[in-house]
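Report on one structure; see the data block that follows.
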Amino acid sequence: MRRLWIVAVIAVAGIGVVGSSVAAVEGLPQIVMNEIELNPPGRDAGAEWIEILNLGEETIDLAGWTLTYNYRVEGQVTISEESLEIAPGERYIFVYPQLMLRNAEGTVFELRDPTGIIVDRTAPLKDEDDDGQTWQRYPDGGDPLFLDFWVFGDGTRGKPNE
């Protein structure tokens with residue numbers, strides 16, 4: 001059994017897996033970054049995006065929430081200044097406006113609530129290929145025991161990660 005586990009870990013590592021650190025105030029986060037496109041096909045500006053997934057049982061208003069990223073220096077964008085509700089189980093795709101994220105170097109993303117509390121954080125992610133591959137939580141929304149499990153694979157924008 002021990003050999004099978006080691007083989008499984010090695011096999012998964014071959015498809016591009018990375019860990020992250022999630023900081024929740026109490027218990028598991030109710031809203032997470034679920035998929036990230038760092039380097040889409042063609043021009044990056046206005047085409048890079050993050051899928052946000054509401055895992056909770058209540059609607060969450062994303063007004064005032066921010067995404068931070070380390071692009072040479074730390075940057076921050078507000079998801080929405082106005083009310084933007086995301087119901088339980090819903091996904092919201094945030095498209096970075098006219099910004100090109102750092103593809104070849106590891107970029108760390110943080111999702112912060114309106115008070116600045118970090119609700120979700122990734123490990124450094126990079127994508128050097130100009131294609132439709134994305135970083136995705138696996139399984140979709142993350143495993144409660146392994147919320148930091150990300151894989152690099154074919155994009156599933158707006159759909160469950162497979």
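The values are calculated or read from the model by the stated rules, or taken from the named source; none is laboratory data. Since the structure is predicted, the reported quantities are computational estimates derived from the model, not experimental observations. Because the Cβ atoms are built from the backbone with ideal geometry, glycine has one as well, and the counts that use them run over all protein chains shown.
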Can you tell me which of Ile15, Ile6 is surrounded by fewer than 16 Cβ atoms within 10 Å (Cβ to Cβ), within 20 Å of Lys159 (Cβ to Cβ) and modelled with pLDDT under 85? Ile15
Just checking, which of Thr134, Thr115, Thr78 is in contact with a Gly (Cβ under 9 Å, 6 or more places away or on another chain), without any contact (Cβ under 8 Å) to a residue 12 or more places away in the chain and among the hydroxyl-bearing types (Ser, Thr, Tyr)? Thr115
Index of the failed condition, Leu99 passing every other in (1) farther than 27 Å from Asp61 by Cβ; (2) at pLDDT below 90; (3) out of contact with any Leu (no Cβ under 7 Å at 6 or more places or on another chain); (4) of a type outside the set (S, T, N, Q): (1)
Can you name the residue in region 46-86 that is polar (S, T, N, Q) and closer than 17 Å to Asp120 by Cα and is also surrounded by the most Cβ atoms within 10 Å (Cβ to Cβ) among such residues? Asn54
Among the candidates Gly141, Gly89, Gly132, Gly116, which residue alone is of a type in the set (Gly, Ala, Ser), at pLDDT 90 or above and either surrounded by 15 or more Cβ atoms within 10 Å (Cβ to Cβ) or in contact with a helix residue (DSSP H, G or I) (Cβ under 7 Å, 6 or more places away or on another chain) (or both)? Gly141
